[in-house]
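The values are calculated or read from the model by the stated rules, or taken from the named source; none is laboratory data. Fair warning: this is a prediction, and the values are worked out from it, not measured in the lab. Neighbour counts are summed over all protein chains in view; Cβ atoms, including those assigned to glycine, are modelled from backbone coordinates with ideal geometry. SASA here: full protein model, heavy atoms, side chains in, ligands and nucleic acids out. Shrake-Rupley method; radii C 1.70, N 1.55, O 1.52, S 1.80 Å.
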Amino acid sequence: MASRSSNGDPRRRGAVVYDAASGRAGEYVGQDGAHAVLRPVGGGGAWRTDPDRVRAATLAERLSAGVQAANRRARRWST
């Protein structure tokens, strides 16, 4: 499992983590058997991944995920 970092334990529910398998940052939801479950920052469909490929997200990755979530919300309001 991913190790602890200055951003806290990445296995904490709601923590923003980086999934190296998919190249995406997401919020940690929990564990489903042998898989970590993540969802996009700001909501959306969850995905399962190898927990060994999950680590705490860097500041840049957290900011990028937040901007992507804001852009998704803006597109919903503009239609």
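Net charge near Asp19: determine it from the other residues with C-beta under 9 Å of the C-beta of Asp19, scoring Lys and Arg +1 and Asp and Glu -1.
Numbers: positive: Arg24, Arg53, Arg55; negative: Asp50.
Summing Lys and Arg as +1 and Asp and Glu as -1 gives +2.
Within the accessible area of the chain, what % is carbon and sulfur when the probe is 1.4 Å and the other protein chains stay in place? Don't skip to the end; give the middle numbers.
Details: 2500 of 4880 Å².
Here it works out to 51 percent.
From a point 7 Å beyond the Cα of Arg72 in the direction of its Cβ, which residues of segment 20-40 have a backbone N at a distance under 14 Å?
24-29, 38-40
List the residues, sorted by chain then number, that are 5 or more residues from Ala57 or on another chain and whose placed amide H is less than 5 Å from its amide H.
For Ala57, whose amide H was placed from the backbone, the distant partners under 5 Å are Val17, Tyr18.
Positive end of the dipole of segment 11-79, charges at C-beta (+1 Lys, Arg; -1 Asp, Glu), about the Cα centre: which of Gly44, Ala20, Leu59 has its Cα farthest in that direction?
Of the candidates, Gly44 comes out farthest on the positive side.
Based on Cβ point charges of +1 for Lys and Arg and -1 for Asp and Glu, what charge dipole magnitude is obtained for the chain about its Cα centre, in debye rounded to the nearest 20?
On the way: 14 positive and 7 negative charges, 67 e Å.
The calculated dipole for the chain is roughly 320 debye.
Residue-wise, which Karplus ³J(HN,Hα) couplings in Hz belong to segment 25-33, taking 6.51 cos²θ - 1.76 cosθ + 1.60, θ = phi - 60°, and x for glycine or proline?
Values, residue by residue: 9, x, 8, 6, 9, x, 10, 10, x Hz.
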